[in-house]
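Participant: Quick one: the structure is below, questions incoming.
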Amino acid sequence: MLDLWKALVSATRELGQPKAALDTIDAAVAEEPALLEELTRAALAAEPAALEALATRFEASPQALSFLGRTLAAPFLVQATRLVSADHIDAMGKPSSACPFCGSPASLAVLSRAGEGKRHLCCGQCGARWHYPRIQCPACEQQDQDRLGFLKVDHDAPAWIETCDACKAAIKTVD
């Protein structure tokens, strides 16, 4: 994780991003490498208090720290999802819109030609993929077809945006 941190800091500096908070965090990591684990755990936690505490400590935005922590966690989460079988996901019961591996919200829906056009949600954090009902909003679980819609640029395009009038959420879908 330390090597990944160094690469992330280097790339961020090359892009000319604001670096005062980054320099402060990098110096703290050099003295206390376990801080990376704390940052990663805070970024992945459903409760933002730990991330807010780190943001205050380093005078950084919680959003920036969340990005850094999630980026550090990504390769480890991807590897972990490869170790869990699809049977484990199916055994969990009711499909959830949150990733069954890391708890992140779905970032993409995919319709498969095989299996009668089943819909799968995909996690942008760990790369996991799981079954989810076709006619249901992943954000609020709305099933009323009159409240679910889509936006499509081209009638024949294999991708579109699914929308929900109930919660105003949207998700990109690929066929």
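The values are calculated or read from the model by the stated rules, or taken from the named source; none is laboratory data. From a predicted model like this one, the values you see are computed outputs, not experimental measurements. All Cβ positions, glycine included, derive from the backbone under ideal geometry; neighbour counts span all protein chains shown. Side chains are part of the model used for accessible areas, which takes the heavy atoms of the whole protein and leaves out ligands, DNA and RNA. Shrake-Rupley method; radii C 1.70, N 1.55, O 1.52, S 1.80 Å.
Participant: Tell me the residue from Ala42, Ala53, Ala60, Ala20 that is over 19 Å from Ser104 (Cβ atoms), in contact with a helix residue (DSSP H, G or I) (Cβ under 7 Å, 6 or more places away or on another chain) and small (Gly, Ala, Ser), please.
Facilitator: Criteria check complete, one pass: Ala60.
Participant: As an exercise: evaluate Ala166 against (1) touching a strand residue (DSSP E or B) at 6+ places or on another chain (Cβ under 7 Å); (2) more than 30 Å from Thr71 (Cβ to Cβ) and give the number of the one condition it does not meet.
Facilitator: Condition not satisfied by Ala166: (1).
Participant: Same structure, new question: Filter the range 152-173 for residues that are farther than 16 Å from Gln136 by Cα and touching a residue at least 12 places away in the same chain (Cβ under 8 Å); which is surrounded by the most Cβ atoms within 10 Å (Cβ to Cβ)?
Facilitator: Step by step, filter the range 152-173, then rank; the result is Ala159.
Participant: Okay, next question. Got a number for residues in the range 1-37 being modelled with pLDDT of 90 or more, among the acidic types (Asp, Glu) and open to solvent by 90 Å² or more (accessible area, probe 1.4 Å)?
Facilitator: Result for the range 1-37: 3.
Participant: Also, quick follow-up: If you scan the range 63-79, which residues turn out to be farther than 10 Å from Gln125 by Cβ and among the hydroxyl-bearing types (Ser, Thr, Tyr)? Lay out the reasoning, then the answer.
Facilitator: Taking the range 63-79 as the starting set, the residues that turn out to be farther than 10 Å from Gln125 by Cβ are 63-69, 72, 75-76, 79.
Ser66, the sole residue that qualifies.
Participant: Against the definition (over 21 Å from Phe76 (Cβ atoms) and either free of Cβ contacts under 8 Å to residues at least 60 places away in the same chain or open to solvent by less than 70 Å² (accessible area, probe 1.4 Å) (or both)), how does Thr40 come out, yes or no?
Facilitator: no
Participant: Looking at Leu51, Leu65, which one is crowded, with 17+ Cβ neighbours inside 10 Å, modelled with pLDDT of 85 or more, more than 14 Å from the chain's Cα centre (by Cα) and within 18 Å of Met1 (Cα to Cα)?
Facilitator: Going through Leu51, Leu65 in turn, the sole match is Leu65.
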